[in-house]
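Structure first, then comments.
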Amino acid sequence: MSENEVYALEVRNIVKRFPGVLANDHVNFNLRKGEIHALLGENGAGKTTLMNIIYGLYTPDEGEIYVDGKKVEIQSPHDAIRLGIGMVHQHFMLVPVFTVAENLVLGAEPTKGWQLDLKAAREAVRRLSEHYGLEVDPDAVVEDLPVGVQQRVEILKALYREAKILVLDEPTAVLTPQEVEELFVIMRELTKRGVSIIFITHKLKEVLAIADRITVMRRGRVVGTTTPAEATEESLARMMVGREVVLQVPKGPAKPGDVVLEVRDLKVEDERGLMAVNGVSFEVREGEILGIAGVQGNGQTELVEAITGLRSAREGKVLLGGVEAPFRRPRFLIEHGMAHIPEDRQKHGLVLSYSIADNLVLCTYYKPPFAHGLQRNQQAILENARRLVKEYDVRTPSIFTPASALSGGNQQKVIVAREFSRPVRLLVANQPTRGLDVGSIEYIHKRVVEMRDHGAAVLLVSAELDEIMSLSDRIAVMYRGKIVAIVNAGEVDKSQLGLLMAGGQLQPA
Amino acid sequence: MGDHEQSMTSTVWEATRRYLRSVAVPLGAVLLALIIGAAIIWISGASPWLAYKALAKGAFGSAEGWRRTLEKTTPLIFSGLAVAFAFKAGLFNIGAQGQLLLGAITAAWVGFAVHGLPWAIHAPLALVAGLIAGGLYGYIPGALKTYTGAHEVITTIMLNYIAMGLTDYLANGPWKDTSEGNIVARTPEILPSAHLPTWGWLPLGFLLALAVAVFAWWVLERTTIGFEIRTVGRNPHAARYGGMKVARTIILTMVISAMFAGMGGAVETQGVIGRYQPGFNANLGFDGITVALLGKTDPFGVIPAALLLGAMRAGSSQMQFDAHVAKEITDVIQALMLFFVAADMIVRWLLRVKAAEGEEKITLSTGWGSH
Ligand SMILES: Nc1ncnc2c1ncn2[C@@H]1O[C@H](COP(=O)(O)OP(=O)(O)O)[C@@H](O)[C@H]1O
Ligand SMILES: [Mg+2]
């Protein structure tokens, strides 16, 4: 490219300070026309901050922004939209009870006299969907739509405002692998139509799959810019974290012992009364990891909730160490040696407004040394917190800090610390690394394998095939509420698993 | 080491700042209400300065004033604690009024109908009877919520009407004072052995209220039950995950909360009114909502909040007398306080205070059907 190429967007020497943090430290970044430029970095690296500056939500302390080579001042999202910048936030900003069409035009409504011109709005949705190949029903109510489609609505919303530059902040964090694929198709389609995209993520594989260029940030600084051709997962991880990262946890062969968890003919209904788990049986032995693979929504959530005592089952049995476990009695299971890393850490795993110390005794608060009779023992609770925060390397200002103030990775470490600090015979880990950065993933994987090596039975549920493949000793594939196959980890490859997950069958070799 | 100390002082400083920020809204609400109250007094042609001075004098200017103030404060502490305690489990107990009425009339019955006991037994017995009556009445909305999902706001409002009807009936029927010349609905006077004394300006009931506040704090902050209550209030999903019995906790919380209200009614009967008479306890339970919110739903915050409202009541006659301002202005001021704490955004905006990180949000009521 020529020396003075005109970029769709360029920022120079952006500095943004927050109390106690230098969130952006002289950041330089540019976006070519029609490219997908990935912005990669761990949680807290400053990616969202930079995008919020570009979108006018924050004003930078220093630095300049250029759009199409012209210096601009962006004081508000209004300015940004006027300059053709659109943003899809990490957390969607749609009105759940409005229809797609209504959401689309919100804030820029076409009117007929005093009235909202819904017909025009619907027409706009149709026109845009057609033009960009993004399918959505204009009359669907947003809250009824799957997450992936809601995201499409967000993208359409930006396009409706004639965005030429599209910022996608961690769009894949909430998507299933299929939805990610669909999103990538859409992104490529958009670039063909002249849209330039900034794609934020902390997932290495995605970056290599879709980006034209990759810029890596760490602790508020840009570490470097590279291309998928020059980079590997390892090199990107190193840039992100600032040290060597083990992407594949070293793991010896399993030494399975006695059966710890036995699930027999389990049938579980979901909220709508449909049979989400429809006759599932398997067992997990001590010293082995059984991975449950499957596209999200095939009954894994209901299965795990039934096993961990959060939901009752219609039929069937769960035995823990040969003892039949009652449903909806988590304490029974906890006292019989179950540890549970829940799928949704903010819903089940933590009380966000509680201190780390209190969160660390969420399951054991009533037992000595944390309580004597009714009276809680503050001393022991704090002691426990100090020890675990150190042992599990939870990055926090203090043990009194509310869990809400921690990053996702550190929140997950609090949960892991709590669950692993009891004697564990069975570990149930549901999506243990979802939304986490490379460093935290590495850490949690190591701990899970350690658990196994100490003789625990591990039931791992994940929608990430890579995670399932790298951790499991045996893999069960779940499809439409049933286990369609249980295979030894070494004996299948990714594409075979993918086939099973999609409801296909393995051809006998 | 130095690092450690620095972080210690900065933690203390942080905590102080967080505390100041957390009391800013109630203090601001009180101030705003007083200012608007002053404006109303001024518009109505009187002197706000004189009025507030007389109000303070009536409440705190003499031993007699103090006695009145503490007597008015006492039931408000109880009902404030009842509402605040339930809030901790995410429950909005509007039923404090009904629970208080049942406590008041039950204590009155034990007080007048049980003969021949010494004070040391009779007075506590009446008190405990009132407390239990209140508690049982709180069991109903708790059980309805957990077993049928009926929202406690609705059920407690309806139970308030039932309690009002029931106490009216009792005071006008089976438990009516049949002494010569009585034509109003009321119970007989309680026996002297059931009275709670007032020593000079200090009512025993006030000391009991303080003790119950300490007890409420202890339960919430220092016991496993309190931990369960607060966890259920903040995140019922996490409570279930942690092995807590959510339904049991909700019922228990309602019962304890209602016990506080019932005890407040008993103390009012035994310490101030001397019998049960319909209308004499009007609104004490409802005012608990204002007290609880002004006190940030904190057991120790409830005390100054109740004292403030108690003082306004105790001093209002003096204000009417000295400054010729109608007593009812204090009701207006109290209503404004409730308005401003409930609409805390207004105060926050005026004072430019943000909600503290991790600060507990007080949700007055969740919508229909949201668990
Ligand atoms: N509004 C804010 N106030 C204070 N600190 C913030 C704010 N927004 C972000 N930060 C801090 O700035 C840093 C960068 O955050 P962010 O840009 O969200 O990172 P990323 O999106 O890469 O995960 C973090 O340390 C974060 O805690
Ligand atoms: Mg971010």
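The values are calculated or read from the model by the stated rules, or taken from the named source; none is laboratory data. Because the structure is a prediction, the values reported are computed rather than measured. With ideal geometry, Cβ positions are generated from the backbone for all residues, glycine too; neighbour counts draw on all protein chains shown. What goes into the accessible areas is simple: the full protein's heavy atoms, side chains included, and nothing from ligands, DNA or RNA. Shrake-Rupley method; radii C 1.70, N 1.55, O 1.52, S 1.80 Å.
I'm checking my understanding of the structure. Among residues of the stretch A:57-73 that are touching an Asp or Glu at 6+ places or on another chain (Cβ under 9 Å) and in contact (Cβ under 8 Å) with a residue 24 or more places away in the chain, which one is surrounded by the most Cβ atoms within 10 Å (Cβ to Cβ)?
A:Ile65
Going by the conditions given, is A:Glu170 within 15 Å of ligand 1 (Cβ to nearest atom), in contact (Cβ under 8 Å) with a residue 60 or more places away in the chain and assigned by TED's automatic domain parsing to the domain that holds A:Ile81?
Yes.
Among the residues of the stretch A:277-307, which ones are open to solvent by 30 Å² or more (accessible area, probe 1.4 Å), of a type in the set (S, T, N, Q) and modelled with pLDDT under 95?
Listed by number, the residues that qualify are A:Gln296, A:Thr301.
When residues of the stretch A:72-97 are filtered for being within 16 Å of ligand 2 (Cβ to nearest atom) and not in a loop (DSSP other than H, G, I, E, B), how many remain?
Matching residues across the stretch A:72-97 total 2.
Which is out of contact with any Lys or Arg (no Cβ under 8 Å at 6 or more places or on another chain) and of a type in the set (Ser, Thr, Tyr), of A:Ser440, A:Ser421?
Just a single option satisfies the conditions, and that option is A:Ser421.
What residue, of A:Asn28, A:Asn13, is loosely packed, with under 15 Cβ neighbours inside 10 Å and farther than 23 Å from A:Ile210 by Cα?
Working: A:Asn28 fails: farther than 23 Å from A:Ile210 by Cα.
Testing whether each residue is loosely packed, with under 15 Cβ neighbours inside 10 Å and farther than 23 Å from A:Ile210 by Cα leaves just A:Asn13.
Among B:Val184, B:Val214, B:Val232, which is the only one that is part of a helix (DSSP H, G or I) and surrounded by fewer than 19 Cβ atoms within 10 Å (Cβ to Cβ)?
On the way: B:Val184 fails: part of a helix (DSSP H, G or I); B:Val232 fails: surrounded by fewer than 19 Cβ atoms within 10 Å (Cβ to Cβ).
Testing whether each residue is part of a helix (DSSP H, G or I) and surrounded by fewer than 19 Cβ atoms within 10 Å (Cβ to Cβ) leaves just B:Val214.
Mind listing whichever residues of the stretch A:373-386 are facing chain B (nearest Cβ under 10 Å) and either of a type in the set (Phe, Trp, Tyr) or surrounded by fewer than 20 Cβ atoms within 10 Å (Cβ to Cβ) (or both)?
Hits for the stretch A:373-386 are A:Gly373, A:Leu374, A:Gln375, A:Asn377, A:Gln378.
With at pLDDT below 95 and under 25 Å from B:Gly274 (Cβ atoms) as the only criterion, which of B:Thr178, B:Thr187 stands out?
B:Thr178
Got a number for residues in the stretch A:10-48 being away from chain B (no Cβ under 14 Å), over 19 Å from A:Gly409 (Cβ atoms) and within 11 Å of ligand 1 (Cβ to nearest atom)?
Residues in the stretch A:10-48 being away from chain B (no Cβ under 14 Å), over 19 Å from A:Gly409 (Cβ atoms) and within 11 Å of ligand 1 (Cβ to nearest atom): 6 in total.
Within the stretch A:335-370, track down each residue that is assigned to a loop (DSSP other than H, G, I, E, B) and free of Cβ contacts under 8 Å to residues at least 24 places away in the same chain.
Residues of the stretch A:335-370 assigned to a loop (DSSP other than H, G, I, E, B): A:336-337, A:342-344, A:350-354, A:360-370.
Within the stretch A:335-370, A:Asp344, A:Tyr365, A:Tyr366, A:Lys367, A:Pro368, A:Pro369, A:Phe370 meet the criteria.
Every residue in the stretch A:167-186 that is at pLDDT 85 or above and out of contact with any Ser or Thr (no Cβ under 7 Å at 6 or more places or on another chain), please.
Across the stretch A:167-186, the qualifying residues are A:Val167, A:Leu168, A:Pro171, A:Glu181, A:Glu182, A:Phe184, A:Val185, A:Ile186.
Within the stretch A:349-368, take every residue that is surrounded by fewer than 23 Cβ atoms within 10 Å (Cβ to Cβ) and of a type in the set (Gly, Ala, Ser) and give me the one that is nearest to the other protein chains (Cβ to nearest Cβ).
A:Ser353
Condition check: touching a residue at least 12 places away in the same chain (Cβ under 8 Å) and outside any strand (DSSP E or B). Does A:Arg127 satisfy that?
Working: touching a residue at least 12 places away in the same chain (Cβ under 8 Å): no; outside any strand (DSSP E or B): yes.
Taking the combined requirement at face value, the residue does not satisfy it.
Answer with yes or no whether B:Gly279 is away from chain A (no Cβ under 12 Å), open to solvent by less than 10 Å² (accessible area, probe 1.4 Å), closer than 30 Å to B:Arg313 by Cα and of a type in the set (Gly, Ala, Ser).
no
Yes or no: B:Ser257 assigned to a loop (DSSP other than H, G, I, E, B) and not acidic (Asp, Glu)?
no
Determine if the stretch A:82-96 includes at least one residue that is more than 16 Å from ligand 1 (Cβ to nearest atom) and within 14 Å of another protein chain (Cβ to nearest Cβ).
yes
Just name the residue that is nearest to A:Ala456 (Cα to Cα) out of those in the stretch A:411-441 that are open to solvent by 10 Å² or more (accessible area, probe 1.4 Å) and over 14 Å from the mean Cα position of the chain (by Cα).
A:Arg425
Which pairs turn up if I take residues in the stretch A:425-446 that are within 18 Å of A:Leu310 (Cβ to Cβ) and look for partners that are modelled with pLDDT under 95 and of a type in the set (D, E, K, R) with beta carbon separation below 7 Å, at least 6 apart in sequence or on another chain?
Qualifying pairs under 7 Å: A:Asn430/A:Glu343; A:Gln431/A:Glu343.
Considering only strands (runs of 3 or more DSSP E) fully contained in the stretch A:444-509, which possess at least 3 residues that are among the acidic types (Asp, Glu) and either assigned by TED's automatic domain parsing to the domain that holds A:Val304 or at negative phi (or both)?
Per the criteria, no element qualifies.
Please verify whether the stretch A:55-65 includes one or more residues that are over 29 Å from A:Ala209 (Cα atoms), within 16 Å of ligand 2 (Cβ to nearest atom) and in contact with a Lys or Arg (Cβ under 9 Å, 6 or more places away or on another chain).
yes
Among the residues of the stretch A:300-313, are any more than 14 Å from every other protein chain (Cβ to nearest Cβ), among the basic types (Lys, Arg) and farther than 30 Å from A:Phe400 by Cβ?
The answer is no; no qualifying residue exists.
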